[in-house]
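A.B. asks: To start, I am sharing the structure in question, which I have written as structure tokens.
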Amino acid sequence: MKTLIKNGRIVDPSQNLDAVMDLLIEDGVVKAIEKKITEKADETYDAKGLLVTPGLVDVHTHLREPGLEAKEDIVTGTMAAAAGGVTTIACMPNTKPVVDSSIMVSGIKDRAAREGYVHVEVVGAITKGLEGKELAEMGDMAQKGAMAFSDDGHYVSSTRTFTLAAEYISAFDKILISHAIDHELSSDGYMHEGVVSTRIGVPGIPALAEDVAVARDILVAEYTGAHVHIAHVASKGAIEIIRQAKKRGIPVTCEATVHHLTLTDEACADYNTATRVSPPLRSKDHVEAIREALKDGTVDAIVTDHAPHAPEEKDVEFRYAPCGFCGLETSLGVILTELYHTNLFTIDEIIGKMSTEPANIFSLNAGSLKVGKPADVTIIDLNKEWVVDSVKFYTRGKLTPFEGKSCKGKAVATMVAGKFVMRDGVVCTR
Amino acid sequence: MAKANVSLSGKDILDLASMSVEEYELVMQTATEMKKIMKRDIKKVPSLRGKSIINLFYEASTRTRTSFELAGKYLGADVVNITTSGSSITKGECLRDTILTVQSMACDAIVMRHPVEGAAAYAAKISDAVVINAGDGAHAHPTQGLLDMFTIREKGKNFKGLKMAIIGDILYSRVARSNIAAWTKLGADVHVAGPKTLIPYGIEQLGVTVHNRVEEAIEGADVVDILRIQLERQKSGLFPTPREYARIFGINEQKLKLAKPDVTVLHPGPMNRGLEISWEVGYCDNAAIRDEVENGVAVRMALLFLTLTGGKKIENID
């Protein structure tokens, strides 16, 4: 089976490529990438005027399966990814039961391979049941293909446990992902502590709760030599600590979410539960600091933290709403609208942060269109104008703070291992 | 005078920040008339006859709930009280369904108290009936703000340029937020003081002056509003001991001497006597704490009347 994608502007940060070229795919891998390919293919896709990039990689999502299928499952979650132009996602272990054993890792990977629409990587738990006490069988999970380890949603509060986890996992060449929030400091808060929280009376979570947690994690990375990846950095203090740590050569990387790059705590002012998220949406100075860090390379990857919830869970009073919202179907459009069309970032920078760099951090065979690489491709119409309408989403957890937003730029086709999984916004039947 | 075109008919009363000075004025004028009804031998008028009001209380309350109930009854409305215990709320019914359920019974107004900030606005989005916020978490308590406004005016004080001090737990206080919103809008000079741990981030940006010492806030004040200190705050470590609170932040006669001689002392109640307010201050001539309770009924009568009738039948009152 050969597919030829013709006349597209190929942007591939992994080979510093930005040129109109043809891309030939054979048996699921990139066969050739040349100015003009005349070889006959089974299917030809004319990408004239469109962008052809390595498939997007989102290393922070929640597929909710097993146990929480009212929110999402592997099928709906990977359909949402395909719709959004994302070809590889990593799912977090806070399912029911928790992904804290190798059978869970293989189970999710197997089911995703059979029923999913995109590649699924599995993040295993650091501690059993995410309880922060005993280490989970990380070695066994690593050998069964876990991509990394995290107690996502829970900070491993015990410094001893986190240090032991880091020491232990460093021998397996795996990364610890930390959801860095000091829960004692965040206390009863449920939005960013700032002028907005003061005005609307909501108990605030100080940015300090994130900063101290990140500082500790970095000290542990330095002491153990283990690679620590800070999930969804959202505070200017934390980002500065990471910047300094990187300068000193400490093995630390980090990611920022689409929403922490584009929304402020003003979005919470009318108590919209779609804006409740952890870490919370912060004030403008924090958002600007995260953008600056994305520019200077302190932030390595853009993620969604796609965290769908059932409608009834979010249709409640602000404080009672669970944290998180869906993101896979809005991430590219929102980022292109807010960061590319505003001339803040180049398309090469954006594709780098949404594909090549996260793939490199976690040693995934993705994020590149080099010859011989898996043919995971995203085809993007940079100028397509569209409005976020959650009714059309594939994800089950439809609530989003971007509802009704006018966007410019959208994935128009998604290819996974040489097969189209989405065309013109419609996910292909398997 | 309230402008002729100002109307609260059919409007939700969610907070004072989103109400205009003209709307405050309309409530004040109407409450003056309502207070006259309260002084009558037979304090009942038919203005809201045929209207039904549901008091939906998700938190304990004595004065606010009773005050709303009597306010509705004095105006001839049918008033039903729902409290969390003894209702379907204990069976896990969500707020949306509870609001839709009471609305289906053709109620005209829902008076709601709820522990979560923004709950009143959420209810208002769901409900076709008028929603009156009787306190939502630490966000707003508009009727308390309006009754404080009425009480201060009754003492002949008209806000502009007056020094107002709010003392205590500003962080968790919906009363503080409502009064700050209204008093700054009315041109008063608002000062706050309390333990630093109970002063919320960036409160100055709401237009108030923050003091570390309560004495500085009280000095020369025309109004001192003393907030209730909940003992849970001490248990969660926000200040060392009730004893220390009373000594350093509690308002006693000695501290009150720093204020103007005709200072008006307010407290939303219930008081912790000997903690945030000394026995003597609570009963002193300057204390308007019982006026607040009385005026609370008049202000709530005014709000129910204005939102449910638009004030069209005001002639029925006299």
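A.B. asks: Once both labels are modelled 7 Å past Cα along the beta-carbon direction, what's the residue A:295-residue A:385 spacing in nm?
C.D. replies: Here the answer is 2.8 nm between the modelled labels.
A.B. asks: Among A:227, A:154, A:60, rank each residue by its count of other Cβ atoms within 10 Å, from fewest to most, as a rough exposure measure.
C.D. replies: A:154, A:227, A:60
A.B. asks: Under 18 Å between alpha carbons, and skipping anything fewer than 8 positions from residue B:196 in its own chain: which lysines qualify?
C.D. replies: Hits, sequence-local ones excluded: B:235.
A.B. asks: Order B:88-95, B:151-158 from most to least packed using the mean count of other Cβ atoms within 10 Å.
C.D. replies: Ranking, from highest mean packing down: B:151-158, B:88-95.
A.B. asks: So if R0 is 45 Å, what FRET efficiency would residue A:419 and residue B:106 give, r being the distance between their Cβ atoms, rounded to the nearest 0.05?
C.D. replies: Using R0 = 45 Å, I get an efficiency of 0.20.
A.B. asks: Which is farthest toward the positive dipole end of chain B among B:296, B:200, B:182, measuring Cα position about the Cα centre, with Cβ charges +1 (Lys, Arg) and -1 (Asp, Glu)?
C.D. replies: So the residue furthest toward the plus end is B:296.
A.B. asks: Run the dipole for chain B about the Cα centre, Lys and Arg Cβ at +1, Asp and Glu Cβ at -1, nothing else charged, and hand back the magnitude in debye, nearest 20.
C.D. replies: 400 debye
A.B. asks: What do you get for the angle between helix B:142-154 and the principal long axis of chain B? Use alpha-carbon atoms, 0 to 90 degrees, nearest ten.
C.D. replies: 70 degrees
A.B. asks: OK, next. What does the charge count around residue B:18 come to, taking other residues whose C-beta lies under 12 Å from its C-beta (Lys +1, Arg +1, Asp -1, Glu -1)?
C.D. replies: Summing Lys and Arg as +1 and Asp and Glu as -1 gives -1.
A.B. asks: Which pairs, out of A:35/A:384; B:125/B:155; A:144/A:373; A:96/A:408, put more than 30 Å between their alpha-carbon atoms?
C.D. replies: B:125/B:155; A:96/A:408
A.B. asks: Helix B:289-309 versus the longest principal axis of chain B: what is the Cα-based angle in degrees, 0 to 90, to the nearest 10?
C.D. replies: 30 degrees
A.B. asks: In addition: Going highest first, how would you order B:193-203, A:352-362 by mean Cβ packing within 10 Å?
C.D. replies: Peptide ranking by packing, descending: A:352-362, B:193-203.
A.B. asks: Could you work out the local net charge near residue A:242, counting Lys and Arg as +1, Asp and Glu as -1, over the other residues with Cβ closer than 13 Å to its Cβ?
C.D. replies: Around residue A:242, the charge tally is -3.
A.B. asks: Name the residue, out of B:60, B:182, B:124, whose mean-square fluctuation peaks in a Gaussian network model built on chain B with Cα pairs under 10 Å.
C.D. replies: Looking only at B:60, B:182, B:124, the largest GNM fluctuation is found for B:60.
A.B. asks: What number do you get for the protein assembly as shown when its Cα radius of gyration is normalised by 2.2 N^0.38 Å, N = residues?
C.D. replies: 1.10
A.B. asks: Right, next: What order do you get for B:73, B:255, B:235 when you list them from fewest to most C-beta neighbours inside 10 Å?
C.D. replies: B:235, B:73, B:255
A.B. asks: Suppose every Lys and Arg Cβ carries +1 and every Asp and Glu Cβ carries -1, with no other charges. What dipole size does segment B:47-153 come out with about its Cα centre, to the nearest 20 debye?
C.D. replies: My answer is approximately 220 debye.
A.B. asks: Rounded to the nearest 5, what is the percent of antiparallel bridges among the DSSP beta bridges in chain B?
C.D. replies: 5 percent
A.B. asks: Next question, about the same structure. Only counting other Cβ atoms within 10 Å, I'd like A:79, B:271 sorted with the fewest neighbours first.
C.D. replies: Ranked by crowding around the Cβ, least crowded first: B:271, A:79.
A.B. asks: Too long at a 18 Å Cα-Cα cut-off: which of A:353/A:410; A:109/A:353; A:295/A:410; A:314/A:398; A:6/A:31; A:2/A:370?
C.D. replies: Flagged as over cut-off: A:109/A:353; A:295/A:410.
A.B. asks: Give me the net charge of residue A:402's neighbourhood, meaning all other residues with Cβ under 12 Å from the Cβ of residue A:402; Lys, Arg count +1, Asp, Glu -1.
C.D. replies: -2
A.B. asks: Work out the charge dipole of chain A with +1 on the Cβ of Lys and Arg and -1 on the Cβ of Asp and Glu about the Cα centre, then indicate which of A:83, A:62, A:298 is farthest towards its positive end.
C.D. replies: It is A:83, whose Cα lies furthest towards the positive end.
A.B. asks: Give me a single rounded figure for B:111-124: the average over its residues of other chain Cβ atoms within 10 Å of their Cβ.
C.D. replies: If you average over the peptide's residues, the count of other-chain Cβ atoms is 4.
A.B. asks: Mind checking which of B:283, B:130, B:74 is farthest towards the positive end of chain B's charge dipole, using Cβ charges of +1 (Lys, Arg) and -1 (Asp, Glu) about the Cα centre?
C.D. replies: Working it through, the farthest residue towards the positive pole turns out to be B:74.
A.B. asks: What is segment A:309-430's relative contact order, in percent, from Cα pairs under 8 angstrom and six or more apart in sequence?
C.D. replies: Answer for segment A:309-430 is 28 percent.
A.B. asks: Using just the helices of the protein assembly as shown, give the 222 nm mean residue ellipticity in deg cm²/dmol: DSSP H runs with n ≥ 4 each add -39,500 (n - 2.57), and the total is spread over all residues, rounded to 500.
C.D. replies: Computed mean residue ellipticity for the protein assembly as shown: -9000 deg cm²/dmol.
A.B. asks: Could you order the peptides A:11-20, B:36-45 from most to least packed, using the average number of other C-beta atoms within 10 Å per residue?
C.D. replies: Averaged packing, sorted descending, gives the order A:11-20, B:36-45.
A.B. asks: Tally the DSSP beta bridges in chain A and give the antiparallel ones as a percent, rounded to 5.
C.D. replies: DSSP beta bridges in chain A are roughly 55 percent antiparallel.
A.B. asks: Where nothing but the Cβ of Lys and Arg (+1) and of Asp and Glu (-1) is charged, how large is the charge dipole of segment B:1-109 around its Cα centre, in debye to the nearest 20?
C.D. replies: Using Cβ point charges on Lys, Arg, Asp and Glu, segment B:1-109 gives about 520 debye.
A.B. asks: In whole Hz, what ³J(HN,Hα) sequence does segment B:165-170 give by Karplus (6.51, -1.76, 1.60; θ = phi - 60°), x for Gly and Pro?
C.D. replies: 10, 10, 10, x, 7, 6
A.B. asks: Something else: Check cross-link reach from residue B:51 to the lysines: straight Cα distance under 19 Å, and skip same-chain residues fewer than eight apart.
C.D. replies: Residue B:51 reaches B:11, B:43, B:73, B:312, B:313.
Coordinate-derived values only; no laboratory data. In this text the structure is predicted, and so the values were computed from the model without any measurement. Note that we place each Cβ from the backbone using ideal geometry, even for glycine, and neighbour counts take in every protein chain shown.
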